[in-house]
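The values are calculated or read from the model by the stated rules, or taken from the named source; none is laboratory data. Everything quoted here is computed from the prediction, not taken from an experiment. The protein model used for the area step is the full one, side chains on, heavy atoms only, and it has no ligands, DNA or RNA in it. Shrake-Rupley method; radii C 1.70, N 1.55, O 1.52, S 1.80 Å.
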Amino acid sequence: MDDALTEALAPVLRDLETSGSVTPDVRDEPWSTGGDEVTAMLYSPGGWAQGVFAITDEPLPERIASVADQVQEWAVEELCSIGQPTNWPQCPHHPDSHPLSAVERDGRAMWTCPKTGQAVCEIGRLVYP
């Protein structure tokens with residue numbers, strides 16, 4: 001898999017593991033022929049797959065936030081399919097309401113509350129009790 005995608009995917013996968021959530025089987029299976037786009041596939045244990053991509057010339061924080069958004073979409077679908085709550089990662093301020101949003105802010109990839117805009121932590125640094 002291309003380094004630009006691997007580098008952007010690593011902190012998101014770390015957050016999935018830290019939170020004890022579902023984790024995809026990431027496969028180096030290109031699905032796009034875009035010139036500045038690198039791609040792979042995320043597979044669920046049940047076998048369904050979703051593509052993930054990164055734009056190679058984007059700054060790393062923007063790449064991480066973009067990839068986190070795509071992985072979050074995969075995780076929500078996978079959690080729904082196994083009957084688990086779909087608000088990953090859970091907003092600590094509104095735990096029963098919504099998941100956090102992935103954004104780039106001030107040169108950092110952050111998980112933020114979509115309701116208040118408050119930054120919770122950097123992507124890759126989720127902490128769960």
Overall dimensions of the stretch 1-46 as given by Cα atoms, namely Rg and Dmax in Å: 11.7, 35
Under-5 Å amide H pairs with residue 124, H placed in peptide plane, nonlocal only: 15
Value of [θ]222 nm, deg cm²/dmol, for the chain, DSSP H segments ≥ 4, -39500 (n - 2.57) each, nearest 500: -10000 deg cm²/dmol
Percent accessible area from carbon and sulfur atoms, the stretch 65-126, protein chains only, probe 1.4 Å: 43 percent
Under the Debye formula (equal points on every Cα, no solvent term), log10 I(q)/I(0) of the chain at q = 0.11, 0.14, 0.17 Å⁻¹: -0.36, -0.58, -0.85
HN-Hα J in Hz across the stretch 99-110 - Karplus 6.51, -1.76, 1.60, θ = phi - 60°, x for Gly and Pro: x, 6, 10, 8, 9, 9, 9, 6, x, 9, 8, 10
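Ignoring ligands, DNA and RNA, what accessible area per residue does the stretch 32-129 give at 1.4 Å, in Å²?
Working: 5000 Å² over 98 residues.
Per-residue accessible area for the stretch 32-129 comes out at 51 Å².
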The chain: relative contact order as a whole-number percent, Cα under 8 Å and 6+ apart: 23 percent
